[in-house]
1. Measure off 7 Å from each Cα along the Cα-to-Cβ vector at Glu174 and Lys47, then give the distance between these two points in nanometres to one decimal.
2. So what is log10(I(q)/I(0)) for the range 150-226 at q = 0.13, 0.18, 0.22 1/Å, when the Debye sum runs over its Cα atoms only?
3. Calculate, for Phe146 and Phe241, the FRET efficiency according to 1/(1 + (r/R0)^6) with r their C-beta to C-beta distance and R0 25 Å; round to the nearest 0.05.
4. Going by Cα centres, the range 212-268 and the range 91-150 are how many Å apart?
5. Using Cβ counts within 10 Å as a stand-in for footprinting exposure, how do Lys92, Lys153 rank, fewest first?
6. Give me Arg160, Arg304 ranked fewest to most by other Cβ atoms within 10 Å of their Cβ, as a rough exposure proxy.
7. What FRET efficiency do you get for Lys288 and Asp217 if R0 is 25 Å and r is their Cβ-Cβ distance, rounded to the nearest 0.05?
8. List the extent of the Cα atoms of the chain along each of their three principal axes, largest first, rounded to whole Å.
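What follows is calculated from the coordinates using simple rules that are stated; it is not laboratory data. Predicted, not measured: the structure shown is a model, and the values here were computed from it. Positions of Cβ are generated from backbone atoms using ideal geometry, with glycine treated the same way; all protein chains shown enter the neighbour counts.
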Amino acid sequence: MNLTKLFSTLLVFIPFVFTSCYGNFDPIVENNNLTMVPNYTIDSLLKTHVSAIGDLPARIPGLFSVDTLPSNKDIIISGIVTSDDNEGNIYKTMFLQDPKTGTGIKISVDAGNLSAIFPLGQKVVMNCKGLAIGRYADMVQIGISFYKTESGKVGYEIGRIPYTNFVKIIQGGEISATTLSKMVDTLTIAQIKAGGIKMHNKLVCIKNAKFTGKGADFGKPKALTHDSLKIFAPTTNGIGFPQSREIIDGSGSIFIATSEYSKFARLKLPADTTVGEITAIVGWYNDKDLVLDGGKIYHQLTLRSLRDLGKGYEKYHTSLK
C-alpha cells in the first residue's frame with residue numbers, strides 16, 4: 001500500500017494550519033538533537049508499570065485503574081505521532097507508536113489542537129516520571145491521577161496532563177512521512193480482534209472494507225432505520241459519546257466510532273457497495289463488562305479524517321464535493 005504520497009500531502013498542509021486555525025499556539029521546533037534519551041520502550045513501560053488493578057482505588061478495578069509512576073527517576077519513552085486532531089475527531093489526546101515494535105500509547109492532555117504543536121509523523125520523546133498510567137474503560141493511557149466524584153462513577157481514573165506541564169516533559173524531533181507510512185500495518189478485522197491489547201492505539205489499514213449501514217445498540221450492530229441516521233455521528237444532544245458505525249471486510253465485523261463534534265460527523269456514510277481501504281487508530285471501550293460478552297463489539301476504530309478512507313473510496317470523496 002503506498003501511503004507515502006498521502007502523508008506527504010498531510011504534512012505539507014500542516015504549516016497552513018499553524019497560522020490559520022490555532023491561535024497563539026506555537027509549534028515545537030523540529031530538532032534532530034534531542035537532549036532526552038529514551039530508557040524505556042512503550043512496550044517495556046506497559047509491561048513494567050501497568051498492573052492488574054492499579055495502586056489507587058478505582059470505581060471498577062480492572063476496567064478503570066491508575067498506577068502512579070515513580071517521580072524520583074526518569075522514565076523516558078519515544079514514538080512517532082500517529083494522531084491528527086485537525087478534523088475534530090480526536091480531542092485532547094495524542095497517540096504515539098513505536099516504529100520498531102508497533103506498540104502504541106494514548107496520552108491524555110488538557111489541550112486541544114495538539115496537532116498544531118506536534119504534527120503527524122513527528123518523532124517525540126517524553127519523560128513520564130511522576131505521571132500516571134492505567135486503564136480507562138479497559139484501554140491503557142498515560143495521564144495524571146484524577147479522583148472523580150460524579151454520581152455512580154466515584155473513584156480514581158486517568159485524567160488529563162495540564163498543558164503547561166506537558167510541554168515541559170516532551171521534545172519534538174524529526175518529522176518523517178516515510179517513517180509514518182511504513183508503520184501502518186495492513187491487517188484484517190479478524191487479526192485486529194484476535195490481537196488483544198497489542199492492537200490498542202495502533203495505526204492500521206484494513207483492505208476490502210465497507211460500511212454496512214448499521215450502527216450500534218449496546219455494543220451490537222443494529223440497522224439504521226432512517227436516512228437521517230445514515231451519517232457518521234448524529235447528535236447525542238450534548239451527552240457527547242462517540243457514535244458507532246459497523247464495517248466488515250469478509251473476516252469479521254468491527255465499529256468505527258466518530259465524535260458528533262468532528263467536521264465530518266454529519267456527512268453521509270459510504271454506500272454498502274463501496275469497498276476499499278480504511279486506515280484508522282485502533283481503540284477499545286469497555287466500561288461495564290468484567291467478563292467480555294461474546295456478542296458485543298468492544299473495538300472502536302478512529303478515523304483521523306475522511307482522508308483515511310483510501311483506495312476504493314474515490315467516488316465517495318467525489319460525491320461529497
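1. 2.6 nm
2. -0.85, -1.07, -1.09
3. About 0.85, to the nearest 0.05.
4. Each part's Cα centre sits 25 Å from the other's.
5. By the 10 Å Cβ count, ascending, the order reads Lys153, Lys92.
6. The fewest-first ordering by Cβ neighbours comes to Arg160, Arg304.
7. That gives a FRET efficiency of 0.95.
8. Result, largest extent first: 56, 45, 35 Å.
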